[in-house]
Amino acid sequence: MTETVEPVVLPDIEKREQTGTRNDLEPGYLVICWDDPVNLMDYVTHVFQVVFGWPRPKAKFHMLQVHNQGKSVLARESMERAEHYVHQLQSYSLHATMERDA
Amino acid sequence: MKLIQRDGEDFVFHISKREKRLLLEMLNLYPLIPTAHHRVSRTASAKELGECQKLLEEALAERKRENKRQLVAMLNQERRFKEADGGYRLALGTVQMDWLLQVLNEIRVGSWVILGEPDEKQGKPVKPTTESLRHYAAMEFCGRFQMTLLDAFERQK
């Protein structure tokens, strides 16, 4: 659907990673998208493709997981990268949060 | 509103006069979601992710200001809508379409938030009042425009 839409990548990510503490750099945070009754399924698929650069089948798989199971873990990342993804997803008004991986 | 022409990343839609008026009315509602609605985490304490929460609110507020600025510029751009066949031609690139989807969804979700986050599956329907019907209509209209844009993206494949 959106192969020609460039994935959203902030150019300063790597620079910011250099300045974090060791704890911040460890992939200890889960990026989770939660189900809600308002976001359209095709829209959620589209957003996953744009934000993560995923092919449509993978984006659709996670969208259906959100729809059927109430949530989907989209990524396991350092604090800074998880924060970046949550900012991107929430700018599209998706219900996404970062949670510490227990 | 329907897609009538596609050339690579450029799309042309036909939009009737009534749809155009409706679209502009919807876009004028932007933004609707209160900043405090956005939560960075469901479980983390304020001590743990307080700074992240603050950054999220600041980043989203800044993005919404920029979106509003672009929206006003777009709505005032006469050549954006060209009269044709009793309606208008609306030309958009993929980046603009993605941006418009984002803005329309903010209005859709914001209307839902204002309605008290109704959820029919959970036995929490919309309570019909004059005010709630206005927001319910905004939700539905934005959804229709979104589906047209998403369908165009799908055809691009």
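Below are the figures for this structure:
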read-out	value
Nearest-ten-degree value, helix B:46-75 long axis tilted from longest Cα axis of chain B	20 degrees
Sparse-neighbour loop sites [chymotrypsin sites (Phe, Trp or Tyr not before Pro); region B:6-109; at most 15 other C-beta within 10 Å; DSSP]	none
Surface per residue (accessible, 1.4 Å probe) for region A:37-100, Å²	35 Å²
Relative contact order of chain B, pairs being alpha-carbon contacts under 8 Å that are 6 or more residues apart, as %	32 percent
C-alpha center-to-center spacing [region B:42-63, region A:36-102] in angstrom	18 Å
For region A:37-100: relative contact order, % (alpha-carbon pairs under 8 angstrom, 6 or more apart)	27 percent
Cα-centre dipole for region A:37-100 with unit charges at Cβ (Lys and Arg positive, Asp and Glu negative), debye to 20	220 debye
Compactness of region A:37-100, expressed as Rg and Dmax over alpha-carbon positions, Å	11.0, 30
0 to 90° range, to nearest 10: angle between helix B:17-27 axis and chain B longest Cα axis	20 degrees
The protein assembly as shown - percent of accessible surface contributed by carbon and sulfur, probe 1.4 Å	51 percent
Residue pairs, from the table A:K60/B:K121; B:K2/B:K54; B:K64/B:K127, whose Cα atoms sit over 31 Å apart	B:K2/B:K54
Interface B:A - total buried accessible surface [probe 1.4 Å, Å², rounded to 100]	3000 Å²
Interchain or long-range residues, amide H under 5 Å from A:K71's placed H	A:D35
Computed over the protein assembly as shown, Cα set: Rg, Dmax in Å	18.9, 62
If the convex hull is drawn through the Cα atoms of chain B, its volume per residue in Å³	147 Å³
Phi-based couplings in Hz for region B:108-125 (Karplus 6.51, -1.76, 1.60; Gly and Pro marked x)	5, 5, x, 5, 4, 4, 4, 6, x, 6, x, 8, 5, 5, 9, x, 10, x
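The values are calculated or read from the model by the stated rules, or taken from the named source; none is laboratory data. None of these values were measured; they are calculated from a predicted model. When we count neighbours, we look across all protein chains shown, and the Cβ atoms used for this are built from the backbone with ideal geometry, even at glycine. These accessible areas exclude ligands, DNA and RNA; they are computed on the full protein's heavy atoms, side chains included. Shrake-Rupley method; radii C 1.70, N 1.55, O 1.52, S 1.80 Å.
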